[in-house]
Every structure is written in structure tokens, then in C-alpha cells.
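Read the structure below first, then the notes.
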Amino acid sequence: MSPRSGGGSTTTAGIIFAEPLVEGLRRAGRNLTVDTLVKAMETLNGWQGIGMPLTFTATERQGGKHVFLPR
């Protein structure tokens, strides 16, 4: 994002952090509970939005193992 668009590294980081949650909420469906959200997040296997690929499992909750350095 360019400075003209009102975005910067903080905006980009916010989108990168929020995007997987939004995808998990979408996959969880209308009957949202903690359990349905967790199960939906566990279907993110190599899922990639604008950030690095993410994978969530029953034993891996970190998501990504990459570093992104914007310029």
C-alpha cells in the first residue's frame, strides 16, 4: 500500500492478521461457536491470503512460520 492510500506497514499487518480470522469465521458458518470456529480454523491448510501461507491443526496454533518485511 502506498502512503497516498492511507495505508502503511501497520495497515498491512492488520489485514494480514485479520484475514485468516475472517476466513475462519466464513468457514464456521452461521451457527458460530468456539468449537465451530476452531474446527473451521483447522481447515486452513496452506491457506494464503495477502500474507504468507498458513496452516492450523489441532496441535499447531501459530499459523505461519514465515517473516514478512515490507519495504
Practice task
Run Ala13 past the list (1) surrounded by 11 or more Cβ atoms within 10 Å (Cβ to Cβ); (2) at pLDDT 90 or above and report the number of the one that doesn't hold.
Solution key: (2)
Problem - Odd one out for Arg27, checked against (1) at pLDDT below 90; (2) touching a Ser or Thr at 6+ places or on another chain (Cβ under 8 Å) - result: (1)
Fill in the blank from the handout: Here the qualifying pairs (Cβ atoms under 7 Å; residues six or more apart or on different chains; first in the range 36-63 and in a strand (DSSP E or B); second surrounded by 14 or more Cβ atoms within 10 Å (Cβ to Cβ) and at pLDDT 95 or above) come out as Trp47/Glu23
Practice task
Determine which member of the set Thr59, Thr33 is farther than 18 Å from Ile16 by Cβ and modelled with pLDDT of 95 or more.
Solution key: Thr33
Practice task
Identify, by number, the condition in (1) crowded, with 16+ Cβ neighbours inside 10 Å; (2) over 22 Å from Thr12 (Cα atoms) that Arg30 doesn't meet.
Solution key: (1)
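The values are calculated or read from the model by the stated rules, or taken from the named source; none is laboratory data. Since the structure is predicted, the reported quantities are computational estimates derived from the model, not experimental observations. Neighbour counts are summed over all protein chains in view; Cβ atoms, including those assigned to glycine, are modelled from backbone coordinates with ideal geometry.
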